[in-house]
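Down below is the structure, laid out as structure tokens.
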2 protein chains.
Amino acid sequence: MILNMRIAKDDLRAVAVIRETAMGLFAERGAAAVTVREIAAAAGVSPGLVIHHYGSKDGLKDAVEGRAIAFFEEMIGEFARLGEEGGSASLAELFAGRLESEPAMVDYIRRLLVDGGEAASGLFARLLDATEAGMRALAGAGVVRPAPDERIRTAFLLANDLSLVLLRRQITQAVGFDPLTREGLGTWSAAVIDVYTSGIFAFPAAQQVPGEAEPDEQPLKEGHNP
Amino acid sequence: MILNMRIAKDDLRAVAVIRETAMGLFAERGAAAVTVREIAAAAGVSPGLVIHHYGSKDGLKDAVEGRAIAFFEEMIGEFARLGEEGGSASLAELFAGRLESEPAMVDYIRRLLVDGGEAASGLFARLLDATEAGMRALAGAGVVRPAPDERIRTAFLLANDLSLVLLRRQITQAVGFDPLTREGLGTWSAAVIDVYTSGIFAFPAAQQVPGEAEPDEQPLKEGHNP
DNA sequence: ACAGATGTTAAACATTTGTTTATGATACTG
DNA sequence: CAGTATCATAAACAAATGTTTAACATCTGT
């Protein structure tokens with residue numbers, strides 16, 4: 001079989017345009033709220049072509065989801081690799097970097113995480129595994145302080161990173177800049193590093209102070225009388 | 001008008017059962033993916049009754065969303081009030097507390113936050129305002145260390161709290177317990193407090209270390225040669 | 001007990017939605 | 001140029017969905 005087929009470029013062609021368009025609409029409104037006709041219109045093709053290429057709407061959904069998962073897996077791999085090499089990249093930084101080439105991807109991944117597709121459930125776990133390995137390495141190297149429970153602390157740190165993806169819109173609106181751009185990420189990271197370095201309390205020894213609002217507190221290890 | 005109407009109980013009645021059932025299904029799959037017939041079947045009533053009570057599916061959606069927003073607003077109010085009083089409750093703790101009475105609520109609020117309904121967009125902002133006020137009060141009282149940018153740090157802390165709601169399933173699966181239960185929250189909070197108190201680095205002065213993976217890093221204030 | 005709300009249902013309706021089918025255009029090969 | 005495989009469309013279809021309508025039950029107050 002000769003390789004003169006146009007599949008050489010593969011992307012840019014209608015098949016890919018449909019998939020990309022669908023990802024954008026799915027991310028925005030959720031797959032069930034988007035009709036095949038809408039996708040076709042947005043992609044500039046006929047409704048029949050969408051089905052012709054992907055078999056069914058579910059097929060298209062699977063293709064979109066599959067691509068997002070592959071993207072995420074690749075990112076996890078890169079993340080883990082950078083960890084082993086002692087490289088320097090945060091998860092948010094990786095997201096911000098890829099954001100430029102595929103703007104709809106981050107929005108779709110947000111949906112993927114929340115909608116909890118079976119295939120997507122494992123992503124967090126695998127990401128956590130990679131991150132935990134990195135943290136243990138850093139702890140072994142004496143860079144980070146060992147945690148009472150490394151897995152829980154890592155889960156907390158990972159959730160914090162992912163909250164940027166999940167709450168991107170709200171954060172952007174609230175603070176006035178998008179933390180998933182290269183410039184915005186710098187400003188955001190500075191605040192994060194500050195907390196991760198020095199904590200938030202004025203007197204580190206006074207952590208048992210029944211503060212008030214923000215920090216999750218009252219680990220319930222000591223009851224307090226009413 | 002006499003008060004013999006059964007509206008006295010108001011809840012428990014079919015109208016409320018429908019709303020509650022719909023909230024559960026909407027939270028699980030998204031409103032668009034749930035049919036009126038499914039809601040009716042799950043609530044044990046006829047499809048027509050759903051429309052009869054709420055005018056349309058959109059009306060039902062609005063009712064559900066309105067209830068969730070009211071719930072959230074109430075929580076924000078309580079949160080702010082506790083802040084002023086110097087009380088002791090974290091956002092996650094408030095969620096965990098109400099979770100028992102209305103299990104579907106947290107799941108729906110997760111959807112509300114990511115689906116970005118116009119009405120829901122302001123919730124984060126208002127919650128952030130309340131939290132920031134609380135943080136400034138704590139900073140003034142000398143409990144917490146002042147931040148370089150109080151709003152950004154507060155947004156970070158708030159996002160961390162909300163990530164518990166957003167990633168509840170994934171976290172539960174990954175660490176083996178639900179952090180939004182009273183016991184789970186204690187374990188989780190201990191890890192959070194630990195980071196907020198002592199940070200994650202072994203040598204707080206060595207924050208410029210080009211660590212590796214987890215912590216967002218490289219604030220870009222200093223370029224690094226390639 | 002009777003009139004009238006009120007709560008509820010089953011069946012019918014119009015529209016939308018995913019999908020199919022038959023047909024046409026376009027480009028590459030022999 | 002003819003043949004053919006690929007790409008694409010328009011119109012038709014069947015199922016599903018939101019909604020309406022008319023009738024039925026159940027309680028309420030007089």
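Taken over the stretch B:37-56, the residue count meeting the criterion of being surrounded by fewer than 18 Cβ atoms within 10 Å (Cβ to Cβ) and either within 14 Å of DNA strand C (Cβ to nearest atom) or in contact (Cβ under 8 Å) with a residue 60 or more places away in the chain (or both) is 13.
Condition (residue is free of Cβ contacts under 8 Å to residues at least 24 places away in the same chain, of a type outside the set (Phe, Trp, Tyr), more than 16 Å from DNA strand D (Cβ to nearest atom) and surrounded by 17 or more Cβ atoms within 10 Å (Cβ to Cβ)) applied to the stretch B:66-74: is it met by at least one residue? No, the conditions are met nowhere in the stretch B:66-74. For B:Ser101, the conditions (1) part of a helix (DSSP H, G or I); (2) open to solvent by 10 Å² or more (accessible area, probe 1.4 Å); (3) of a type outside the set (D, E, K, R) all hold with the exception of (1). For A:Glu118, indicate whether it is more than 11 Å from every other protein chain (Cβ to nearest Cβ) and open to solvent by 30 Å² or more (accessible area, probe 1.4 Å). So A:Glu118 fits the description; yes. With respect to (1) open to solvent by 30 Å² or more (accessible area, probe 1.4 Å); (2) more than 7 Å from chain B (Cβ to nearest Cβ), the lone exception for A:Leu180 is condition (1). Of the residues A:Ala190, A:Ala96, the single one that is over 29 Å from B:Tyr108 (Cα atoms), in a helix (DSSP H, G or I) and either open to solvent by 20 Å² or more (accessible area, probe 1.4 Å) or more than 8 Å from chain B (Cβ to nearest Cβ) (or both) is A:Ala190. Taking the stretch B:38-93 as the range and being in a loop (DSSP other than H, G, I, E, B), more than 21 Å from the chain's Cα centre (by Cα) and among the hydroxyl-bearing types (Ser, Thr, Tyr) as the test, the residues that pass are B:Ser46, B:Ser56. Checked against (1) within 14 Å of chain B (Cβ to nearest Cβ); (2) within 15 Å of DNA strand C (Cβ to nearest atom), A:Ala27 passes all but condition (2). Taken over the stretch A:132-152, residues that are facing chain B (nearest Cβ under 7 Å), closer than 20 Å to A:Asp194 by Cα and not aliphatic (A, V, I, L, M) amount to 2.
Mind checking which residues of the stretch B:153-170 are open to solvent by 10 Å² or more (accessible area, probe 1.4 Å) and facing another protein chain (nearest Cβ under 7 Å)? Scanning the stretch B:153-170 gives B:Arg169, B:Gln170.
The values are calculated or read from the model by the stated rules, or taken from the named source; none is laboratory data. All of these numbers come straight from a predicted model, not from anything done at the bench. All Cβ positions, glycine included, derive from the backbone under ideal geometry; neighbour counts span all protein chains shown. When the accessible area is computed, the model is the full protein with side chains, heavy atoms only, and any ligands, DNA or RNA have been set aside. Shrake-Rupley method; radii C 1.70, N 1.55, O 1.52, S 1.80 Å.
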